[in-house]
Amino acid sequence: MTHDTFYPSRVDGTDRVAMRQQLIYNAAFSRKDALSYSTNTYVSYSDIADEYPKEYFSSRKSHATQMYDGKGSFYKTIEALRHNTSNGMVHGEVIDSEDTYSERVFLEELLKYCKKTGVEVISKAKAYDVCFNHALENGNLIYNPTLRNTAKEFLSDSECIPPNPDGYHGDCEVVLTKDKLCLKTNAETYYLHYGIPLGKIQYSAKAQGKGCIVFYAIKNNSPIELDNEKLEVLGKIEIDSVSENNYTLGFFIPDNPETEYEQICAGLGEKIMGIKIVYSGGLVVNGIDLRKCD
């Protein structure tokens, strides 16, 4: 039996072609629904069939924590799921059931994570409908505005949880400053936002430190590495303050025209599918807000 299961953003929200084909929110802005979309799998079903046998576990910690701390398939899946759902991407797995103890405990603990952290488990058909037929254009578009770390919420007894909040990549952590949760960047940190609406967008945040925040466009034909120097710059905020200040930046997401049809992006390569927000090290940021302006 084949399970085609998707985990979209929390309710509270290997090549270039694979990136382009993944289901993302507001997908209709950057692609046609006539294209086929593969499932963006992160683990091998043959690996999880025997990776976690009964003898793998001791009685010291929960099964979920022992699998996560082992840095194997369960760790990879939780990390991919918590970041993907906070970047506006539908997380998917295709798993052929072999009815082993290992696979059962893997899926059971994964579903427990989803239930505890508010990740809704839906079919591919439902995910497709959400991404193509329901536009997200109102309110704060940031998928993790409260800087949650859902691995920490789920795995209270783990000693291996990275400090970065869901959706943020790089050397960063969440700190409490004057009763506010803040993103502290120890080195360059980036946040990906897939499914950006077309039109005028405004970013705002409160920040202190010395550095900058740079905004890049991610197109369908952008290299999968998303190297900064290969992406189009949309805007930049310079920060140089020992105390907290308000910062805003407006930029525009154009509806780029189609080009001649080709195999890679079907003529939609110039369509902007998301943005990359890069925070330099040495910043403390909170109140991050991203909105479409009328």
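The values are calculated or read from the model by the stated rules, or taken from the named source; none is laboratory data. Since we're looking at a predicted model, the values are computed, not measured. Every residue, glycine among them, receives a Cβ derived from its backbone with ideal geometry; neighbour counts consider all protein chains shown. These area figures cover heavy atoms from the full protein model, side chains too; ligands, DNA and RNA do not enter into them. Shrake-Rupley method; radii C 1.70, N 1.55, O 1.52, S 1.80 Å.
Look at (1) touching a Phe, Trp or Tyr at 6+ places or on another chain (Cβ under 7 Å); (2) more than 25 Å from Glu225 (Cα to Cα); (3) not hydroxyl-bearing (Ser, Thr, Tyr) and you find that His169 fails only one, number (2).
A count restricted to the range 112-134 and to residues that are part of a loop (DSSP other than H, G, I, E, B) and either open to solvent by 60 Å² or more (accessible area, probe 1.4 Å) or at pLDDT below 90 (or both) stands at 3. Number of residues in the range 139-164 that are open to solvent by less than 30 Å² (accessible area, probe 1.4 Å), of a type in the set (Ser, Thr, Tyr) and closer than 29 Å to Cys293 by Cα equals 1.
Could you please give the count of residues in the range 157-176 that are assigned to a strand (DSSP E or B) and not acidic (Asp, Glu)? Residues meeting the conditions: 7.
Number of residues in the range 245-264 that are in contact with a Leu (Cβ under 6 Å, 6 or more places away or on another chain) and not in a loop (DSSP other than H, G, I, E, B) equals 2. Filtered by the rule that a residue be in contact with a strand residue (DSSP E or B) (Cβ under 6 Å, 6 or more places away or on another chain) and either more than 28 Å from Ile277 (Cβ to Cβ) or of a type in the set (A, V, I, L, M, F, W, C) (or both), the range 80-113 gives Leu81, Met89, Val90, Val94, Ile95, Asp96.
Counting the residues of the range 15-47 that are modelled with pLDDT of 80 or more, of a type in the set (Phe, Trp, Tyr) and in a loop (DSSP other than H, G, I, E, B) gives 2. For the range 238-267, taking the residues that are among the aliphatic types (A, V, I, L, M) and open to solvent by less than 10 Å² (accessible area, probe 1.4 Å), the one that is farthest from the chain's Cα centre (by Cα) is identified as Ile239.
I'd like to know if the range 178-192 contains one or more residues that are at pLDDT below 95 and either open to solvent by less than 20 Å² (accessible area, probe 1.4 Å) or among the aliphatic types (A, V, I, L, M) (or both). There is no residue in the range 178-192 that is at pLDDT below 95 and either open to solvent by less than 20 Å² (accessible area, probe 1.4 Å) or among the aliphatic types (A, V, I, L, M) (or both).
Of the residues making up the range 197-237, those that are part of a loop (DSSP other than H, G, I, E, B) and open to solvent by 20 Å² or more (accessible area, probe 1.4 Å) are Leu198, Asn221, Pro223, Ile224, Glu225, Asp227.
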